[in-house]
1. What number of residues within the range 217-239 are over 25 Å from the mean Cα position of the chain (by Cα) and assigned to a loop (DSSP other than H, G, I, E, B)?
2. Going by what's in this entry, would M385 be described as of a type in the set (A, V, I, L, M) and closer than 26 Å to N334 by Cβ?
3. Based on what the data block shows, is S343 part of a helix (DSSP H, G or I) and modelled with pLDDT of 95 or more?
4. Quick one: what pairs do we get from the range 579-597, first residue under 17 Å from I617 (Cα atoms) and not assigned by TED's automatic domain parsing to the domain that holds S659, second crowded, with 17+ Cβ neighbours inside 10 Å and modelled with pLDDT under 90, C-beta under 8 Å, 6+ apart or different chains?
5. Out of curiosity, is E779 at pLDDT below 60 and either surrounded by 15 or more Cβ atoms within 10 Å (Cβ to Cβ) or more than 44 Å from the chain's Cα centre (by Cα) (or both)?
6. With the requirement that a residue be among the hydrophobic types (A, V, I, L, M, F, W, C) and farther than 16 Å from V177 by Cα, what does the range 130-147 give you?
7. Looking only at the range 560-580, decide whether some residue is polar (S, T, N, Q), at pLDDT 80 or above and in contact with a helix residue (DSSP H, G or I) (Cβ under 6 Å, 6 or more places away or on another chain).
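The values are calculated or read from the model by the stated rules, or taken from the named source; none is laboratory data. Keep in mind the model is a prediction, meaning the values are calculated, not measured. Note that each Cβ is placed from the backbone with ideal geometry, even for glycine, and that neighbours are counted across all protein chains shown.
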Amino acid sequence: MTLTNIDHEKQIYCFKVFYAFLVVLLLHMNNPSIGCSEREMQALLAFKQGLVDDDNRLLSWGRQVQNKDCCQWDGVYCSNHTGHVVKLDLGDQSLQGTISPKLDTINHANNLNWLSNLSCLKYFDLSYTNLTGVVGWLEAVNMLPKLRNLILQGCNLPSPIISSVSVMNSSKSLVHVDLSYNNLKSSIFQWLSGTHTHTNLVDLDLSGNNFNGSSIPDYFGNMSSLAYLTLPDSRLKGGIPNSFAKLCRLRELDLWSNSLSGQLSDFVETLSKCAQMTLERLDISYNNISGSLPDLTNFLSLKDLSLRGNNLSGRIPESIGQMSKLEAIYFGRNSLEGVISESHFSKLSKLTYLDLSSNSLLLNFSFNWIPPFQLRDIKLKSCKMWPSSFPKWLQTQKNYTLLDISDAGISDTIPSWFWDLSQKLMVMDISHNQMRGPVGNIRLEFASHLNLSWNQLEGLIPSILSKVLALDLSHNNFSGAASILCATEDSNLTFLDLSSNYVSGELPDCWIHFKKLVFLDLSNSSLFGKIPTTMGNNRFVGELSSQLKNCTKLTLFDLGENNLSCSIPEWLGASLPNLGILILRGNQFYSSIPPQLCHLTHIQILDLSMNNISGTIPKCLNNLSALTQKGNSSLTIQHYYTYQLDKVLISWPYDNEASLTWKGVRSKYKSTLGLVKSIDLSSNKLIGEIPSEVTDLVGLVSLNLSRNQLTVQIPPRIGMLQEIPKSLSWIDRIGYLDLSENDLSGKIPIGTQLQSFGPSSYGGNPLLCGLPLLRTCTEEEKGFYISLGLGFAIGFWGVFGTLLFNRSCRYTYFNFWTCFIDWLYVKAEIIRQKIPHTR
């Protein structure tokens, strides 16, 4: 054998050895028996045992032969080299139940101690799994030496009891911690203060917890690697610690919706000491931050600046136009003022989101200004346009999905180009202006919310009912037959307001096509006919359809000023438990008030006036619990309509509106409706007495029982109804009581606020007497003189009787008067001598 052959055979041998080694290695990496260990599988199955998995999301977890390798289970990830479980991700699985390991292997139920068997775990995510009863979850986490990502979002975690041991044993490897939207208290801060946590932690999210007025811990500034700090909606107070000046890697700071205070300039100064080169996103919106906007041009990387909903004042510096990396500006809902010009946006070519709404700003751009940006969100509510013409620069924006230029002082005809809206438009609000002209051919593929209300728009109702989820055209000059509502089948509309227009005709019976409709207002139009079996309002006749009782979530029910003729249905109180406002005024309802109305515990406004209702006032009115409580926490009565968009539920708020008679004047209330608590039963045929239970309604601010046939005396305690809150001065006049035109008798109770109302509130009751009426009560006069005489006698003998029979008191009394007369004489003489004598 030659040397060459020997070398060749050696090469073949080495190749075979290498090939065999490679095959063994590959088999080792892919062999299920080598992958998931028995210990790890048992730990995971023990975890599954305590869960309720009705949707079979963990169907692949089991001991069957085909499921034996836990590395193949859904949500379980293993190392390609060792086969150990390194990641458990069951987030967003909506699992329920408790963590209950097998009691034959582990002695504690309701814990996470089984995690100790997964010693190689690096990624742990059980988001939205109910961990309410897992008290020792923090200790279990500390037993994972290689854990880098801890994600327990929305798990109802109990706030841990922190000991010195748990602080010292805090994980050394954690990089990303997300404990958001639990019920954690500030004790979690102690765990984070562990010395090992400081060095590696990059991303910390504690949003949506309850820190109950705690300040941001100072040691957060010692987390030298921290780049993302998220603490919104957590009830924090105070300012940011001075130690934040050491966060040199900070990229995002999110503190929105807390109770933080202080000057904005202090926030900026602290962060600028180290993070001015790295900070990309700053969100301190919806706090109590005050002061003016400082120069922010030193923050060279800033992309997103959100200062909404604070107490900021002053002008927006023009230097902001030099921050070329800015993509989002959110300054809405402050007290900023001054002029916004083109120089504020000179270099903002990347700007995508702009919110200047609800400030006192004047937008002054040249007529042919071409902005350097293409906006996606445009929020300019209450920003006044100068001049008051329609902003032409909007024609250059092609990509916006949200446009709000409501209450912008625009008094102009809408140009035709505007209706060629962005095909991406989702939300548009141009309400509360003086815009004129017809609505053009809106070529939208789909939109969620269009608000064109409170303008002077005219023409037919736009044919876009099939393209929007919410449409408000109220308070305009739209006309045409109501039959246009039936031009679309299977509409997705959830909100439709056509009130205060010139829509006419008989309301068509096509509401079966509006299966998702939750809000409908057709008031102040010219509709007539019967209420359709599928819906209704306006000058309608006939009876209330019993199908309305299926609207169990109804909160406002206004059928005022129609010609409905029937008894008040019992199902109004029995089937509509959420009613807050019930207005049946100005119809032809007859019979008595059904006692079932007393089940309306949320009712705030009950108006049954101007009907033919007879019988007595129900004694159960004190069951209207919303009226037995004083005050209201909100000026408005706000509700939400909800629609689904791309599998996401979106809620849009609206303020309820109601027309009420106050001191004889009919007015609409919206922004102050929450302050009104009223009962109006006037102009009916009610008989009997005013039930004493009415006096339990201490929250009432208006009670009108006039023009009935009520008899007997006024309940003495009726004057104890709530004193009128000062905030009600925003309404036409504070407080209202009308008991006129009845057959009430007796004396008006004194010593209460009943004397604060004028005589007209009690007129037409010939047997009533006492203030404020001029008619005095005979017994009252007699009682007055008896009281006067008795008072004089007691006063006289109380003083002079003491002087007559008590020698010491008599001596002291006369000595006092002697000294007083001498003092008065001396004072008079001194003053006389100081007056210069004249000749």
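1. Total meeting the criteria: 6.
2. On the way: of a type in the set (A, V, I, L, M): yes; closer than 26 Å to N334 by Cβ: yes.
For M385, the condition - of a type in the set (A, V, I, L, M) and closer than 26 Å to N334 by Cβ - is met.
3. On the way: part of a helix (DSSP H, G or I): yes; modelled with pLDDT of 95 or more: yes.
It is true that S343 is part of a helix (DSSP H, G or I) and modelled with pLDDT of 95 or more.
4. Between residues of the range 579-597 that are under 17 Å from I617 (Cα atoms) and not assigned by TED's automatic domain parsing to the domain that holds S659 and residues that are crowded, with 17+ Cβ neighbours inside 10 Å and modelled with pLDDT under 90, there is no close pair.
5. Working: at pLDDT below 60: yes; either surrounded by 15 or more Cβ atoms within 10 Å (Cβ to Cβ) or more than 44 Å from the chain's Cα centre (by Cα) (or both): yes.
Yes, satisfied.
6. If the condition is that a residue be among the hydrophobic types (A, V, I, L, M, F, W, C) and farther than 16 Å from V177 by Cα, then L131, V134, V135 are the ones that fit.
7. Step one: of the range 560-580, the residues polar (S, T, N, Q) are 562-563, 565, 567, 575, 578.
With the extra rule that they be at pLDDT 80 or above, the set shrinks to 562-563, 565, 567, 575, 578.
Narrowing further to those that are in contact with a helix residue (DSSP H, G or I) (Cβ under 6 Å, 6 or more places away or on another chain): 575.
Checked the range 560-580: at least one residue is polar (S, T, N, Q), at pLDDT 80 or above and in contact with a helix residue (DSSP H, G or I) (Cβ under 6 Å, 6 or more places away or on another chain).
Residue-by-condition table, conditions (1) in contact (Cβ under 8 Å) with a residue 12 or more places away in the chain; (2) surrounded by fewer than 16 Cβ atoms within 10 Å (Cβ to Cβ); (3) closer than 27 Å to K381 by Cα:
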| position | (1), (2), (3) |
| --- | --- |
| G238 | yes, yes, no |
| P241 | yes, no, no |
| K246 | yes, no, no |
| E252 | yes, no, no |
| S265 | yes, yes, yes |
| A275 | yes, no, no |
| S290 | yes, no, yes |
| D304 | yes, no, yes |
